[in-house]
Every structure is written in C-alpha cells, then in structure tokens.
There are 4 protein chains.
Amino acid sequence: ASQVLTCLEDFEKRAKEILPKTVFDYYRSGADGEQTLRDNLAAYSRWRLRPRVLRDVSKVSTSVQVLGAQLVSPVAVGATGFHCMAHPEGELASARACAASGTLMMVSTFSTKSLEDVFKAATGSPCWFQLYVQQDQDATEQLVRRAERAGYTALVLTVDTPYVGRRLDDVRNRFVLPSHLRLCNFKEDDTIHGVGPTQNDSAFALFVKQSLNPSLAWEHVHWLRSITSLPIILKGILTAEDAREAVNYGVDGILVSNHGARQLDGVLSTLDALPEVVAAVSGRIEVYIDGGVQRGTDVLKALALGAQAVFIGRPVLWGLAVNGENGVRQVLELLQDELSLAMAFSGCRTVKEITPDLLTRTSYL
Amino acid sequence: ASQVLTCLEDFEKRAKEILPKTVFDYYRSGADGEQTLRDNLAAYSRWRLRPRVLRDVSKVSTSVQVLGAQLVSPVAVGATGFHCMAHPEGELASARACAASGTLMMVSTFSTKSLEDVFKAATGSPCWFQLYVQQDQDATEQLVRRAERAGYTALVLTVDTPYVGRRLDDVRNRFVLPSHLRLCNFKEDDTIHGVGPTQNDSAFALFVKQSLNPSLAWEHVHWLRSITSLPIILKGILTAEDAREAVNYGVDGILVSNHGARQLDGVLSTLDALPEVVAAVSGRIEVYIDGGVQRGTDVLKALALGAQAVFIGRPVLWGLAVNGENGVRQVLELLQDELSLAMAFSGCRTVKEITPDLLTRTSYL
Amino acid sequence: ASQVLTCLEDFEKRAKEILPKTVFDYYRSGADGEQTLRDNLAAYSRWRLRPRVLRDVSKVSTSVQVLGAQLVSPVAVGATGFHCMAHPEGELASARACAASGTLMMVSTFSTKSLEDVFKAATGSPCWFQLYVQQDQDATEQLVRRAERAGYTALVLTVDTPYVGRRLDDVRNRFVLPSHLRLCNFKEDDTIHGVGPTQNDSAFALFVKQSLNPSLAWEHVHWLRSITSLPIILKGILTAEDAREAVNYGVDGILVSNHGARQLDGVLSTLDALPEVVAAVSGRIEVYIDGGVQRGTDVLKALALGAQAVFIGRPVLWGLAVNGENGVRQVLELLQDELSLAMAFSGCRTVKEITPDLLTRTSYL
Amino acid sequence: ASQVLTCLEDFEKRAKEILPKTVFDYYRSGADGEQTLRDNLAAYSRWRLRPRVLRDVSKVSTSVQVLGAQLVSPVAVGATGFHCMAHPEGELASARACAASGTLMMVSTFSTKSLEDVFKAATGSPCWFQLYVQQDQDATEQLVRRAERAGYTALVLTVDTPYVGRRLDDVRNRFVLPSHLRLCNFKEDDTIHGVGPTQNDSAFALFVKQSLNPSLAWEHVHWLRSITSLPIILKGILTAEDAREAVNYGVDGILVSNHGARQLDGVLSTLDALPEVVAAVSGRIEVYIDGGVQRGTDVLKALALGAQAVFIGRPVLWGLAVNGENGVRQVLELLQDELSLAMAFSGCRTVKEITPDLLTRTSYL
Ligand SMILES: Cc1cc2nc3c(=O)[nH]c(=O)nc-3n(C[C@H](O)[C@H](O)[C@H](O)COP(=O)(O)O)c2cc1C
Ligand SMILES: Cc1cc2nc3c(=O)[nH]c(=O)nc-3n(C[C@H](O)[C@H](O)[C@H](O)COP(=O)(O)O)c2cc1C
Ligand SMILES: Cc1cc2nc3c(=O)[nH]c(=O)nc-3n(C[C@H](O)[C@H](O)[C@H](O)COP(=O)(O)O)c2cc1C
Ligand SMILES: Cc1cc2nc3c(=O)[nH]c(=O)nc-3n(C[C@H](O)[C@H](O)[C@H](O)COP(=O)(O)O)c2cc1C
C-alpha cells in the first residue's frame, strides 16, 4: 500500500489491484485485437530525442495558449465516460484536480455527474464539453444549450463513433453500467436503467445505440456551426483529407484521436497520423492529440510534431481509482513535472522552443 | 463451455479443446518451419487503416459481385478436405451454413461427402468445385462432368500441389484419415482404405500420391479450358509472371493462395503477393485471396489491395468442430459483422468505396 | 527414443540429450555473444520465395557440378574437427555417409582419424582437404603432400583463423579434447597430449596455438599456389574486396564462411555477405557458402543468390551423435529431399533454373 | 564463487549477487522507462563487421593518442560517482587498476576519495577531472585549481546535468549515499551529511541540487576557457549543432554521452549520435564516446565510426564490486584482449586501420 507511485504505469498497476475486473477491463480495453492500442504507445518509442545542451534552463515554462486561453501546461484531461465507476465523486473529483493543477478538462456526454455540476466543481478553470450527436437532434441541441449556459468554452464533437467499437473483454464480461450509477446528462427516464427490455445489458446497449448517430456526417458539423458560437473541435480525425475538410467547414480545432484505440482496431496510431494532419492544416486551426501518452517525453514528442496540446484518457481514470481527486492531481502533476524536466534536458525553456529538429525517427525497435 | 466466442481465435482455441490432437494438428499445421503460416497472419498487421469520418454510415452494404453472381459479403468458404473429421455432418453442415449466410462455398476434391450431396445441401447458394488434376486424366474429366451436372458454377484448379507438402506434426503423429471416413468423390475401391499395402498410412500416402499429378503444367489448363465452358480459376498463384500467363491462358480468375502455408514454407505471404498479381492482371480477370484471414479488418485490407473476394480455410473447420452447421454460420456471420462495422468506421458504405488510400504500409512491427 | 526426426532441428535436440554437455557445447557454440550465430540462421528468414507454378515437376534433379565434378546434390559436408567426440567411428562414419549419399566431404586438419583413412572410407566419393597453415611451414607442406598422395581433389585453405575465437561456454567448461582421442594428422608427439605443461588445457591450447599461424597472409596463398597443382579454395572470405583479391591470387573457389560464427562475433551472416562476393567474382571462379543451413529452402535461397554449393557443419555432428554413419546419412538425405521438394514447389527442375527472381527481400521480421 | 568470469555481463551478474540491492540499482538504473539504456547497448548490434582476412596479424597494437598522450588502448575509465559504495578502497582501487592496465581514468566531482588522493593512486598514469559547474562559481574555480595543482591533464565539463535525472528504482528505494561515505572533494560541512533538514534523503537531494547548476550555459564554457589552460572536453553532446558550437567555443574534445542513459530517457543512443558529431567536427577536435560498451567489438565499431577513445562507466563498478582493484583490472584487460582479438580477426593491426568500411548497417534486428 505504501509503495511509491513513480510513473503513470505504476498508477495503472495499482488501479488494477483496486478496481473490479469488469471495470478495469472496460477502461483498459481497446477494440478487437488491440493492435492499435499497443501501437498508440509504441509509436512514441519510434522517435528519439536530439537534446540541445548548455542553454540556461534554470527557468522552464510549460505554459501554452489553447484556443486563446492560457494553460499551465499542454497536458489536459480528455473525455472519458463513467468516472463514478472509479471513484464515488467521479467527474467532480476529476474537475477539482484539473482546477488545482491549472489544467483544462474535457467533460464527456456520458458523464456520471451532470455537466453543470462538473463545471461548478472546476471553479472557473476552463472546461470543454464533448458532444455526441444523438439520433434525436433536439436532444443534441439541448446538450449544446446546457453547455453554453453552464459556461463551457468549447464543444468537442466526437466524429469516430457512429457505432460503439467491439471490445472483446466487455463482451466476455457482459459489461454494463453498475445499477447505482446514472448518466447524469440525460433525464431519469432516458437513462440506461429506465428503457428497453428487462435485462440490463439490452437496456444499456439500446440506450447507447440511441445516443449515437450512425448518420453522423459533415452536414451535422454545418448544423452545429450554425446553432452555436462556441468554438468547435472535431475529435477523431486521422487523415489529411478529413483535416482539410474540417478547415473548410470552419471548425476551430482538430483533436487527432482514435478514441483510445477503442473503435476500429488497425487504424494508425495517433502519433503516426499527427504529422499529416498538421501539414494539411498548416497552421490555420489548432491541432491536438490524444492516445497513449504516458510520459513527459511523450508530450514533448507530440508537441515537436506540431500538437498544440495533449489529452490523456485512461491515466486520469487510474488516478481517480487510486486516490480520487488527489490521485488525478498526482497523475497530472507527475506528467507536468516529467515534461518540465524533459524540456530542461532538451534545452527547451518554453513550449515554442520545442521544434521538429528535436526529433529523429528510428527504423529499429 | 458457456464461454463467449468473441472472435475467430476464440473458435480456434475451443476447437483445440474439442478435437483429437492428430486432427487439430492436421488442420492447423503449415509446412516445415511454419514461417509462412505465421507470416500469412502477420502480413495483415503490416498495414494500417486510414479511416475517413463524417460520412453517413447508417447503411453499410458488404455485397459484392463474384464472377457475375451477387454475394451478401466478400467472405467465402475456401476448399478444405475432410470436413467429417471435424463434425459428422461434414461438408453438408458447411454447405448449409454457407447457404444460410448467403456465402459462396468452394468444395474440395477431397471432400468426405460427395460433391453432389454437398451441392444439394447448399440449396441453390453458389458452389465452386476445387479440382486436383489426377494422374488419370479420364478420372479428372469425370470429376469435371459431375461438377457440371451437379450445378457448380466454377472450377477452381489448384496449381500449387504437384506433391503434398511436409507438415512435421503429421509426420510425428503419423496422420491418416480415420478409417470410418471416405473420400466421397472417388469410387469405393479408389479410396484410401481400398488400395495399397496393408498399413493405413502407406495406403493413404499412395492414394494421395495418385490423386495428385506432379506433371501438372500450363497445358493442363489449356486442356481444361477446352473440355468445359465453366469459368476456371487458378488457385495458388503468387507472382506477377504467373498471373500474366494465367490471363494469356484464358482463365477467369486467380486465387492468390499459398495453400494455407501447407506446401512450401518460406513463400511470400498471400497479402504480400496480392499487389503484384493485381497489378499484373490490371482488371482483366478477377483476383481473390486466401490465407490468414481472421478479422473484418483483414478482409477490408485485402479488398483495399485489390482482391474481389476473400476465402477462409481453417476458421470454417474450427466453427464446424465447435458447433457443426451453426458453428460455421457463427464464424461467417462474425466475420461479416466485423467487416460491416470496420467499413462503417472507415467511412466505406459499399465495397466500391474500399480503395487503396484506406491503407498505409508500416515498417515497424 | 522412437520419436521421429522430422527436420535438422530435431537432430540437434536429440544430440543434446545424447552428448556430454561439454561436447555438445563445444559443437554448438559461437564466439562471444553469439549474435552472428543467431544471424546466420535468421538471415535465411529475411528472404521470401516467389514460386512459379504449372511447370511439369515430375522430374527434379538436384545435381550440380563443383570444380568439374558432378555431385548428386549441392549440399556437401563442411570441415569440422573432432568427429570422434560424437561417435567412435568419427570421420570414417561421416565419410561413408557422404559416399552413400553421393556427397562431397571436406576433411578437417583437426580430424580424429587420419586423412588417409578418411579418404579410404569415402571409397572414391570426392574429398577435399581443409588446410590450416601451421607456424611450421614444412609441416604444412607435409600435409599438402599427404592430401595429394591420398587422392584429395582440392585444398581448402581456412583464412579466418589466425587465432582461435573465444567461445564462452568452452571457457566456462574448460573444454579440452578428451584424453583418449588423437589429432590423427599429426605425429604422436605433436599431439595435444604430448606437449606443454602438465595440465591438459594448457597443452591443448598450446598445441592449437602452434597449429595456427597468426602471420597468415596473402603471400601464403601465393606460396601454396606455387607448391601444388590441386585446386585451391579460400574458406572464410566475407567481403567483395577480399573476393577480388582472391581472384587475383589465382585461387579456384571461395567459400563464404564465418567459421560457423565461432571466430569474430558481430560479423555479417554469410547469406548477407554472399551477394557482394558473387558480384565481385562475377563468374570467374566458383563461390560456395556455409553457416546456418538447416532446411531445403535455405539451400534454395543460397543457390538463388549465386552459391554453387552449400556446406553444412554442425548438422553432420548431430547426425553422427544420434546414429553414427546412418545418422549422417539421414541428415544428408533429409536435406536433399527437402531441397528436391522445395525445387518442385518453386517450379525449378534443375539447379540452373534456380535464379535470383525466385527471391524477394523482406524488411519485416 | 569459483565461476569463471568470461565477459563483462558475467561481472554484472556477479556484482548483482554481491552488492546491496539499493546500490546495485543505483549503479544500473537509467532514467524513467530505460529505453535509451537498452538502446545504448542495442545500437551496437545494428552494425555488422566486414572483416578483412589474410593480413599478417601476428602483431596487433591497440595503442592510441588521446590529447597528445599515448595510451595502451582506446578503452578508458569514465567518471562515475561513489566508488566506495562498491568497494572500501573506492576510487583509489580504480585508479591503481587504470595505472596497472595503462589506461586513462576520468575522476568524478562526486568521488568518495579526494581528487588529490585518487591522482596519487594513479602513480603518473594520466587522469582527467570531471567537473560539475556548481551554483557557487568560486567553489567551482576551487575544484579547477585543485585539479590543476594535483596534476590532472584535462577537465571534462559535464553539460547534460543541469538537474538530476529521474531513475525510478532510486525513487522506489529512497536511495541515499550510505552515511559512512563522504564526497571527498567537498569540505566536511558541505557534504550531504552536514547540510539540510534532519532526514538523510532531503540533505542528499539538497546537496546534489546545490552542486548542480541549472543555469549552465555556453557562457560557462567561455568562463572556464578563460580561467584555465588545461584542455577542456565537453561531456554530454549528442547533436551536430552543439558539436559545431563546441568547436566555436574553443574546447579540445567532445565526449558523445547521454550520461549512461541516466538523464533524459528517449534520447538517441550514443552510437547513433556519434556519426553526426564526427561529421560536424570534421577532425578539428577529438571525439570520444561512452554508453553501453560491453565487448571488444563494441570498441571496434565506435572507433570505425570515428571515436578516438571509448569510456566505460558501469563495467568498472562491477569489477570494483567483484574484486576491488583486481576486478577493475580484469575488466579493463578483458576488454583490451577482446579488442585486440577483434582487430586481428578484422585484419586491423593498428587503430589507424580501423576504418568505416569495416562496418555495414543492418535494418533487421
Ligand atoms: C474508458 C473510456 C471512456 C471513454 N469515453 C469517451 C467518451 O465518452 N467520449 C469520447 O469522445 N471519447 C471517449 N473516450 C476516448 C478518450 O476521449 C480518448 O480519446 C482516449 O482515451 C485517449 O487515449 P488514452 O486513454 O490512451 O489516453 C473514452 C476512452 C476511455 C478509455
Ligand atoms: C486442413 C486443410 C485442408 C485443405 N485442403 C485443401 C484442398 O483439398 N484443396 C485445396 O485446393 N486447398 C486445400 N487447402 C487450402 C485452402 O483451400 C486454403 O488455401 C487455406 O486453408 C487458406 O488459409 P487459411 O486456412 O489460413 O484460411 C486446405 C487447407 C487446410 C487448412
Ligand atoms: C565443432 C566445429 C568444428 C569446426 N572445425 C573446423 C575446422 O577444423 N576447420 C575449419 O576450417 N572450419 C571448422 N569449422 C567451421 C565449419 O567448417 C563451418 O564453417 C561451419 O560449421 C558452418 O556453419 P554450420 O555449423 O552452421 O553449418 C568448425 C565448426 C564447428 C561447429
Ligand atoms: C553510477 C553512475 C554514476 C555516474 N556518475 C557520473 C558523474 O559523477 N559525473 C559524470 O559526468 N557522469 C557520471 N556518470 C555517467 C558516466 O560518466 C558515463 O557517461 C556512463 O556511465 C557511460 O555509460 P555506461 O555505464 O553504459 O558505460 C555516472 C554513471 C553511472 C552509471
């Protein structure tokens, strides 16, 4: 119990000991053969750092501007559902930890605390709302209005989820949301315990199915652009072609993401997709990345390849499981400290100084 | 026993528990060091998918035309011998499952139910007959005539089997066809239990030896073309040179295959051979592939590289062993579902939309 | 005990059970970290075969001409010392097996039967004598004269052994030649049991040291060329530069070899070195290879890259350990059968038809 | 106990048995995920040797000139702190072993014997002093003056340590310098046991923090150049850009180093960095390397890529742990013997003959 947690892997190991197997598996899993899940991590080890020395690094600032807001660090919290499975305080604890660490939090449509309460817990620290376009367009618009009213500063439209991916452990475990939890952004009778046939799993499946929209298309982006003046970010773009299209549709940012490898196994790792997206966008809008970030040097590499910020998904859940708000805070600060030290060792005093010549691609390993 | 079968590997694991070791080994084995056996699978992981998003994928059709016939899906059943070792109903069960799933079945010369009975079990669903050119040319013609009469819509000439490959487990297990089974496309006194010396294995070896023709050459293709008007497909071509020759000889299709890595170990994986064959043929005839297909994304990759359809060998046998006709059907439908979902996640609503830019080659892994 | 030996690895496993550990280790070991030992094998798996089909392969001939002599197969026995450690009949058994299989045998300077007796055991089948240039030039000339008189048809000068390589297991095992064995090409009082200090290992080390000549240089090739009219082959060349020099010095063949990875760890695998040697020589003299050959397809690959013949070292010792003369014969015939079948499957009816387009280089694995 | 130590890995294994776990871990560890630690070793296996034969190698000289001094071998001892944790005689034993083997020793700022005593123990054999620029510039100048007075012939300024790297095992073990040891280049009340709060670890951390200077910049090189006429070497440069800068600042040598992978995980292996540094410097000053050298062939490869000498860190500590002065001597002589033999097998009689064409880069492994 008193074992020191020295890195994000240590948090995962500890969380595995603490969480029920079905919950841990749900959080950890990737789709099908998990090739992309492994590759999201491995992609970082295919780059080596070329550090510069003898620059005065007594002061290192990790601060960045993201959509005009100044953040303490380029490491932010990505949208993951169901935080209350990891800790009773769920998204509230996560939001408080973000505020305490000066970090941005992206709140999921599928949060187990209401978007309004989560926003309040963040006490003024910036929050973005991750949006799934529902089959019911009015219901979708309601979510947008609530996010606007609550004070969210951006909408993150997830574009890689017309259906739910197949995660084999969840099939084996017959995973369902524990019965005492609610999806708090939906009305009581909308939730998974109130609809569908009597078996829990069908209700859950049915609910998720209705919440996702397989018709999701560029025209929904157009529609969303027309009903809100909040900045819009597309989450889940992996190609130059779609990145160019996104710019044409007037969105404000792209989050290069494969949904933590949970949707289509075999897609490019996000780090492998990043350079083509950055090149296609060529500075016209901001580009972010998520997937497999575990170390300060991972952040450094993503930034050197053109990401403006980096989002982490699972590590937040491990922190939450290990120690609630404090656990999330430890995770965030560990990563910030690692980044800060890695910048110093690389001769980068500001994020601006993190440039592509810091990296060299390996063929080996 | 009530364990969920979530993917084709799960079927293989279950089959391994159920089948006698010698039978499982016979089905599973590749030639010699099994390098190509592993490579047939690994080749698929050397490509990554570049999925396109925000295309309305509420409707996905996996349907394809193969030699003019419309199929529900590009996943078909390849020719494998001895289905009755896996399940008493053998090829009849497989044929019924194909019919139920809207899939094409390729019936082996070495089936343990007669080609006529298998065809009938398929109840009108398309069947192709896989032909070995026997040393006895008249006997070969007889098989062709029976296939024509029965209603088969194509002949698949296997060209990679002038001899039987060496599979070390079979040598170690002294594998022979179980004595209660018959090769039903041969007359009683032709079969392995009726010829040769008294020891079973010699009789079996002798029989197979006589059934295969080491003189097999392009002139046999010429001869076959001259005696039948059925479409002819060459199964077992792995090079551009032979593909061009095949076109010259007027065949209707090429099945890129290394016989499930059972003949010559060290040959190219089929997925690595596919592009050069597709390029050489340049649309003049259809090109198919088999070998190592295990996932919907494997099918997607083969199609993106130019295959018109994909055949599976061993997975059918695992399905058969696990649950007879229903097991085969589950295997086929699992693969179809995976393909359909993978298409949706890739932004492909029809098979036509599966194009080469969906893929990128990796150097790593 | 009655386990079937299906491939050369099986012979190695069996030999390991049979032989004393120090002997097995002596035979098996490579120098230092054994990187090249592993790489000699791995290099073969970096090439894939592109087989041609539909060529009448009812008749396949593996026969080759080597230095003008017709051999049944391109697989010959390479020089390895101390056969009597594996089996009491030692080199006599090996020579008889070669004769029975129609194979050439290369006899080591360090044979434990006299070169004359070994030659007689081969009963007319071609033998080459492997020569170490001793520090004592007269002694060296004596060996040449004896080889000429006995009937050897070529001299193979080993050029990679100015010193003995460090094989760590031998150091750990304090390996010495068992006391009942003699190096039969040396006079009694020359042998390791008759010289040096009282401890066996020093005597052995001292003896080997005196037998090898660290001054070995191109002038010794010149000298050897001047004192004999037998064909001369240089064994142990790994570069184009040295290959060109060898042609200039008027030798008749080059054996691309790294001494079974027993001398300098980290050198190129022999298969990786072969192409540059073949290119440098460009047909002016014959080129052979040894090192890591374990399968028929390995032979095929070496021939496709330009080798005229292939020598095997350790597999002969495993055969000898397992079953004396018969064991060696089984090893040789297994490899010949595998080669013959691999040729058939590749569409090569004669060794001439084995051309470079049969191969493609992999980047993966 | 009487097990033979055949190679440097054997020394590491033995040391692991002998040393307390916290000490062994401290010596062995690399930063964070230890990717670079593994890569420092692996980089050597990405090159293969192309040995030349038939050059008279009866006499091989490993001797080199380093900054004008003639050394018996290009293998020298690199700066590592805290030798007294491995053996009571600490740096004195190491220095004596260097003298006995004709090798140069680089003494760490953090030695546990005073720099004066270590120099004396070396009895005239050349010593370099490794310098950390302290936060207190006067204290730094004092160290320079003491090194000059003592007789050191060069100053090695470590430029990769503005902070201490995170080595996870040390965090887990809460590593501190054992209380009976002193950092003997510092005044009693400077040492880790005399400053800071009562807990040892804080005192240690605080001490190290004060000893390192995060402001370290090119102007310190300028300053150092201005206060001493000793040759200056920069230790820790990994890029062409910094190498060119180093030449501009008038230093006399560059030691390509990543601090044994203990600072920033994910940086290039030193062998991968060497060629660009050598090219950038193009002969104007000397270039050395350290990190992962374990075999004679590693030294050969580093020299072939342009290093003038090679430093070893951990292997010295393993030798020290195993057998004090004699252990270090064994380590040094083993490596020299391996180098000498490797040169002979490569056809290199002098270090000058070790040229780039001796190497070929592999893509595999
Ligand atoms: C358990 C879990 C739940 C997730 N839920 C959502 C979600 O509700 N909405 C969304 O857009 N992405 C969701 N994602 C994807 C994450 O936003 C993010 O893309 C991914 O986790 C990043 O990879 P990482 O976990 O390797 O850091 C989820 C991911 C996980 C692991
Ligand atoms: C047990 C078994 C029996 C086979 N029998 C035949 C056969 O009778 N005729 C034939 O042309 N191919 C035969 N094949 C090869 C298959 O048609 C097909 O090429 C191969 O199985 C595809 O690889 P997969 O098993 O990895 O899907 C057989 C394959 C297996 C595994
Ligand atoms: C136990 C052993 C003894 C050997 N003795 C000799 C020898 O006396 N003379 C020689 O030129 N090569 C000798 N070699 C090298 C072989 O001729 C040959 O180059 C090598 O064994 C080929 O590699 P393989 O063992 O992987 O087939 C020996 C090799 C082994 C394994
Ligand atoms: C235990 C240990 C202590 C070290 N202490 C110092 C030091 O005090 N000053 C320094 O410049 N480098 C130090 N280094 C780095 C070494 O000088 C050298 O760069 C590194 O050990 C070379 O890698 P190797 O250990 O793989 O040979 C230390 C390394 C180790 C392993």
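Which distances, shortest first and in nm, link residue D:68 to the matching position in the other copies, using label points set 7 Å out along Cα to C-beta?
Here the equivalent label points are 6.5, 6.5, 9.2 nm apart from this one.
Report the net charge of residues surrounding residue D:231, where surrounding means a beta-carbon distance below 12 angstrom and charges are Lys +1, Arg +1, Asp -1, Glu -1. Write down the numbers at each step before the final one.
Details: positive: D:225; negative: D:148, D:252, D:286.
With Lys, Arg at +1 and Asp, Glu at -1, the neighbours total -2.
Against the longest alpha carbon principal axis of chain A, how many degrees, from 0 to 90 and to the nearest 10, is the axis of helix A:314-346 turned?
20
Can you pull the mean other chain C-beta count within 10 Å for peptide B:160-166?
Values: counts 4, 2, 11, 7, 1, 3, 8.
That average works out to 5.
Cut-off under 18 Å on the C-alpha distance; same-chain residues fewer than 8 positions from residue C:113 excluded. Which lysines are left, in chain and number order?
C:187
What does region B:270-364 give for Rg and for Dmax, in Å, if only its C-alpha atoms count?
So, for region B:270-364, Rg and Dmax equal 14.3, 41 Å respectively.
Cut-off under 14 Å on the C-alpha distance; same-chain residues fewer than 8 positions from residue B:21 excluded. Which aspartates and glutamates are left, in chain and number order?
Once the sequence-local aspartates and glutamates are set aside, what remains near residue B:21 is B:12, B:169, B:170.
Hey, got the Cα dimensions of chain C along the principal axes, in Å, largest first?
67, 52, 41
At 7 angstrom along the Cα-to-beta-carbon line, where would the label on residue D:4 sit relative to the other copies? Give the distances in nm, shortest first.
4.1, 4.1, 5.8
Residue farthest toward the positive end of the dipole of region D:216-365, with Cβ of Lys/Arg at +1 and Asp/Glu at -1: which of D:260, D:332, D:274?
Sorting the options by dipole projection puts first D:332.
If amide hydrogens are placed 1.01 Å from N in the peptide plane, which non-local residues have theirs closer than 5 Å to the one on residue C:262?
C:31
Among D:59/D:301; C:209/D:59; C:16/C:301; D:120/D:301, which pairs are too far apart, with a Cα-Cα distance over 25 Å? Mind showing how you got there, number by number?
Values: D:59/D:301 20 Å; C:209/D:59 15 Å; C:16/C:301 28 Å; D:120/D:301 33 Å.
C:16/C:301; D:120/D:301, as the Cα separations exceed 25 Å there.
More than 21 Å apart: what percent of Cα pairs in region A:112-195 qualify? Can you show the working numbers first?
Working: 1463 of 3486 pairs.
Above the 21 Å cut-off, region A:112-195 has 42 percent of its Cα pairs.
In a shell of Cβ-Cβ distance under 13 Å around residue C:290, excluding residue C:290 itself, what net charge do Lys and Arg (+1) and Asp and Glu (-1) give? Working shown, then result.
On the way: positive: C:235, C:262, C:314; negative: C:160, C:298.
Net local charge, residue C:290 excluded: +1.
Averaged over peptide B:53-64, how many Cβ atoms belonging to another chain are found within 10 Å of each residue's Cβ? Can you show the working numbers first?
Working: counts 18, 17, 6, 9, 6, 8, 2, 3, 0, 0, 0, 0.
The mean count of partner-chain Cβ atoms within 10 Å per residue comes to 6.
In whole Å, what are the Cα extents of region B:1-109 along the three principal axes, biggest one first?
Largest first, region B:1-109 extends 49, 35, 33 Å along its Cα principal axes.
May I ask for the angle, rounded to the nearest 10°, between helix C:137-150 and the longest principal axis of chain C, with both axes built from Cα atoms and the value confined to 0 to 90°?
Value to nearest ten degrees: 50.
In 20 Å bins starting at 0, how do the alpha-carbon pair distances of the protein assembly as shown split up by percent?
Whole-percent P(r) values from 0 Å outward: 9, 30, 34, 23, 4, 0.
As I understand it, the value is the acute angle between the Cα axis of helix B:90-101 and the longest principal axis of the Cα atoms of chain B; what does it come to in degrees, rounded to 10?
20
For the peptides A:51-64, B:98-111, what is the packing order when you average, over each peptide's residues, the other Cβ atoms within 10 Å and list the highest mean first?
Numbers: A:51-64: 19.4, B:98-111: 24.2.
So the order, starting with the most tightly packed, is B:98-111, A:51-64.
Using a Förster distance of 35 Å, how high is the FRET efficiency between residue A:228 and residue A:117, based on the Cβ-Cβ distance and rounded to 0.05?
Working: r = 21 Å, r/R0 = 0.61.
In this case the efficiency is close to 0.95.
List every residue whose amide H lies under 5 Å from the amide H of residue D:109, counting only residues 5 or more places away in sequence or on a different chain, with H placed 1.01 Å from N in the peptide plane.
D:130, D:132
By count of other Cβ within 10 Å, fewest leading, how are C:222, D:87, B:83 ordered? Don't skip to the answer; put the middle values down first.
Working: C:222 11, D:87 23, B:83 28.
Fewest-to-most Cβ neighbours within 10 Å comes out as C:222, D:87, B:83.
First measure r as the distance between the Cβ atoms of residue D:61 and residue C:350, then evaluate 1/(1 + (r/R0)^6) with R0 = 41 Å and state the FRET efficiency to the nearest 0.05.
Working: r = 52 Å, r/R0 = 1.28.
FRET efficiency, residue D:61 to residue C:350: 0.20.
Report, to two decimal places, the Cα Rg of region D:199-291 normalised by 2.2 N^0.38 Å (N = number of residues).
Working: Rg = 15.0 Å, N = 93, 2.2 N^0.38 = 12.3 Å.
Output field value: 1.22.
Among B:91-97, D:211-217, what's the highest-first ranking by average C-beta atoms within 10 angstrom per residue?
Numbers: B:91-97: 27.3, D:211-217: 19.6.
Highest-to-lowest ranking by the protection proxy: B:91-97, D:211-217.
What are the distances, in nm and sorted shortest first, from the label point of residue D:88 to the label points of the same position in each other copy, with each label point placed 7 Å from Cα along the Cα-to-Cβ direction?
5.9, 5.9, 8.4
Hey, got the average number of other protein chain Cβ atoms within 10 angstrom for residues in C:87-93?
Working: counts 0, 0, 0, 0, 0, 0, 0.
The shielding value for this peptide is 0.
Since every read-out is calculated from the coordinates, none of them should be taken as a lab result. Quick caveat: nothing in here was measured; it's all calculated off a predicted structure. Counting neighbours? That spans all protein chains shown, and the Cβs are built from the backbone with ideal geometry, glycine included.
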